[in-house]
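K.L.:
First the structure, which I've put down as structure tokens, then a few questions once you've had a look.
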Amino acid sequence: MAKPETTNKLTAIEDAVRIQPDGATLGQIVAVLGIELPRRTLQHYLKLLTDSGRLVRKGEKRGARYYLPSAVSHAKGEEAAIPLSGSGKEVLAYVRQSIKRRKPVGYDRGFLDAYRPNISTWLDEKERAHLLKIGTVETSEQPAGTHARQILNRLLIDLSWNSSRLEGNTYSLLDTKRLIDFGEEAEGKQQLEAQMILNHKDAIEFLVSASKDIGFNRYTILNLHAMLANNLLADEAAAGRLRRIAVGIEKSVFHPLEAPSLIEECFDHALATAAAIDDPFEQAFFVMAQLPYLQPFDDVNKRVSRLAANIPLIKRNLSPLSFADLPRQLYTDAILGVYELRRIDALKDIFIWAYERSVARYAAVRQSLGEPDPFRLRHRAALQEIVGEIVHSRMDRKNAAAHIASWANQHIDKPGQERFRELAEREIIGLHEGNFARYRIRPSDFAAWQAVWTKNTASRVTR
């Protein structure tokens, strides 16, 4: 029977793993424990936990991560809900082998050169027709970017959160909403996580606001990278600049190009090819595969590819791709299949599924807009009171968020506090010159508050 001291340490290690939804590394466990523990002793405790089934280990040596069994089961359940083709399953089976059993490979330019726009097609005619049918919305005949602007507030949060989540970001959807709307950083999170999300916000706003000018060209993709990489690279000058150094891919046997001249040549070729593709979904999928495979930047390549995939959808007023509910490990493994096998099968499966999921999400949002909200109706007077207080006191974003949270804790029953807080935040964010009178706010008070509110925009995280 284990000693009480040992039992306590084993429980503490489990708790340290529990707060890492994408698995905990040895270093992360040490950081959370906050105690001096010899490495060999910690490894011994981890072995006890994995041998007894209390933890699950994945990966080898420095790449090892530890999970709770329930987290592994949940991830498998999520993945099981996504229909994968036989060829897609083959790709995943290969990349999920031990890294020692996979053959080292380098960049194969033939993967790009062999593709002929509108002749080569990775999505067949039936698949493209299906995506077009479900993705078409009422604004499809209006100027470029009309639909994206109509759902911009929702798109900023959804796409920023999901794309960041696929990189291992641990912010929740609600954390992301409060960061974007109020500049409120979540407690206990790293600053780089907030920076990543805010970078996504800036990049998405750029794509939507410049919808007439964006495309598969240097202007768009280099600036997209600069925004997504802002304050996240060791070399700040590398943001928006093509790669000049050699890079490696974690947990992969793939070795990207190293010569800067070849990287630039292939980058221009990839953009020209994408620009020549007529079908918006073929364009989106092409860049989702080719940009990460080339690794044209020091880092942040996959993030660029995910947002770039939305360029043809934004320009043609199609429903956007937000990657909602896409399991991180499945996406990572599908990308590895492109890197190591030059096979798009698994990535294609999840691209189609993810787009169907995104379309369903935005269709549900549009459908729900006309339904009265009984919770909002019940708290109508409270909402009017709190919005009025914020405006009359001329609160900025952070003070408003703190005031709402405090007010809800004091006046709303606990089960409804979180819902009320979200609703009040939405009310204050949506306040404009055409609707402030319903809160019994005078024009002079609104103008004075708005000057403070717009001046103190969401803060940017500094390193």
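K.L.:
Residue by residue through the stretch 403-417, note down the ones that are closer than 18 Å to Asp175 by Cα and either assigned to a loop (DSSP other than H, G, I, E, B) or touching a residue at least 12 places away in the same chain (Cβ under 8 Å) (or both).
P.N.:
Listed by number, the residues that qualify are His403, Ile404, Ala405, Ala408, Gly416.
K.L.:
Take the conditions out of contact with any strand residue (DSSP E or B) (no Cβ under 8 Å at 6 or more places or on another chain), under 18 Å from Ser358 (Cα atoms), outside any helix (DSSP H, G or I) and without any contact (Cβ under 8 Å) to a residue 40 or more places away in the chain and apply them to Glu187. Does it pass?
P.N.:
Spelling it out, it is not the case that Glu187 is out of contact with any strand residue (DSSP E or B) (no Cβ under 8 Å at 6 or more places or on another chain), under 18 Å from Ser358 (Cα atoms), outside any helix (DSSP H, G or I) and without any contact (Cβ under 8 Å) to a residue 40 or more places away in the chain.
K.L.:
Still on this structure, I have one more. Within the stretch 164-199, can you find the residues that are in contact with a Phe, Trp or Tyr (Cβ under 9 Å, 6 or more places away or on another chain) and of a type in the set (Ser, Thr, Tyr)?
P.N.:
Ser164, Tyr171, Ser172, Thr176
K.L.:
Moving on to the next point. Which condition breaks for Leu192 when tested against (1) at pLDDT 95 or above; (2) in a helix (DSSP H, G or I); (3) surrounded by fewer than 23 Cβ atoms within 10 Å (Cβ to Cβ)?
P.N.:
The failed condition is (1).
K.L.:
Within the set of pairs 6 or more residues apart or between chains, which connect a residue that is among the acidic types (Asp, Glu) and modelled with pLDDT under 80 inside the stretch 134-147 to a residue that is surrounded by 17 or more Cβ atoms within 10 Å (Cβ to Cβ) and assigned to a loop (DSSP other than H, G, I, E, B) with Cβ atoms less than 8 Å apart?
P.N.:
Once the first residue is among the acidic types (Asp, Glu) and modelled with pLDDT under 80 and sits in the stretch 134-147, its partners that are surrounded by 17 or more Cβ atoms within 10 Å (Cβ to Cβ) and assigned to a loop (DSSP other than H, G, I, E, B) give Glu141/Asn317.
K.L.:
Related question: From the list Val391, Val300, Val304, pick out the single residue that is in contact with a helix residue (DSSP H, G or I) (Cβ under 8 Å, 6 or more places away or on another chain), buried (at least 22 other Cβ atoms within 10 Å of the Cβ), in contact (Cβ under 8 Å) with a residue 12 or more places away in the chain and under 30 Å from Phe436 (Cα atoms).
P.N.:
Result: Val391 is the single residue among Val391, Val300, Val304 that is in contact with a helix residue (DSSP H, G or I) (Cβ under 8 Å, 6 or more places away or on another chain), buried (at least 22 other Cβ atoms within 10 Å of the Cβ), in contact (Cβ under 8 Å) with a residue 12 or more places away in the chain and under 30 Å from Phe436 (Cα atoms).
K.L.:
Testing Glu385 on (1) of a type outside the set (A, V, I, L, M, F, W, C); (2) touching a Phe, Trp or Tyr at 6+ places or on another chain (Cβ under 8 Å); (3) over 27 Å from Lys89 (Cα atoms); (4) part of a helix (DSSP H, G or I), one condition comes back false. Which one is that?
P.N.:
With (1) of a type outside the set (A, V, I, L, M, F, W, C); (2) touching a Phe, Trp or Tyr at 6+ places or on another chain (Cβ under 8 Å); (3) over 27 Å from Lys89 (Cα atoms); (4) part of a helix (DSSP H, G or I) applied to Glu385, the lone miss is (2).
K.L.:
Of the conditions (1) in a helix (DSSP H, G or I); (2) of a type outside the set (Ser, Thr, Tyr); (3) farther than 22 Å from Lys315 by Cβ, Ala203 clears all except one; give me its number.
P.N.:
Of everything listed in (1) in a helix (DSSP H, G or I); (2) of a type outside the set (Ser, Thr, Tyr); (3) farther than 22 Å from Lys315 by Cβ, Ala203 misses just condition (3).
K.L.:
Here's a follow-up. Counting only residues that are under 28 Å from the mean Cα position of the chain (by Cα) and modelled with pLDDT under 95, which one in the stretch 96-120 is nearest to Tyr331 (Cα to Cα)?
P.N.:
Arg96
K.L.:
Still on this structure, please answer the following. Take the stretch 102-149 and flag every residue that is of a type outside the set (Val, Ile, Thr), touching a helix residue (DSSP H, G or I) at 6+ places or on another chain (Cβ under 9 Å), closer than 16 Å to Tyr362 by Cβ and in a helix (DSSP H, G or I).
P.N.:
Leu131, Leu132, Gly135, His147, Ala148, Arg149, listed by residue number.
K.L.:
Of all the residues that make up the stretch 155-179, how many are surrounded by 21 or more Cβ atoms within 10 Å (Cβ to Cβ) and assigned to a helix (DSSP H, G or I)?
P.N.:
15
K.L.:
Report the residue count in the stretch 334-355 for those that are within 20 Å of the chain's Cα centre (by Cα) and within 14 Å of Leu84 (Cβ to Cβ).
P.N.:
The qualifying residues number 10.
K.L.:
Ala274 fails exactly one of the following numbered conditions: (1) out of contact with any helix residue (DSSP H, G or I) (no Cβ under 7 Å at 6 or more places or on another chain); (2) under 22 Å from Phe351 (Cβ atoms); (3) in a helix (DSSP H, G or I). What is the number of that condition?
P.N.:
Among (1) out of contact with any helix residue (DSSP H, G or I) (no Cβ under 7 Å at 6 or more places or on another chain); (2) under 22 Å from Phe351 (Cβ atoms); (3) in a helix (DSSP H, G or I), the lone unmet condition for Ala274 is (1).
The values are calculated or read from the model by the stated rules, or taken from the named source; none is laboratory data. What you are looking at is a predicted structure, and each value in this text was computed from that prediction instead of being measured. As a convention, Cβ positions derive from the backbone with ideal geometry for all residues, glycine included, and neighbour counts pool all protein chains shown.
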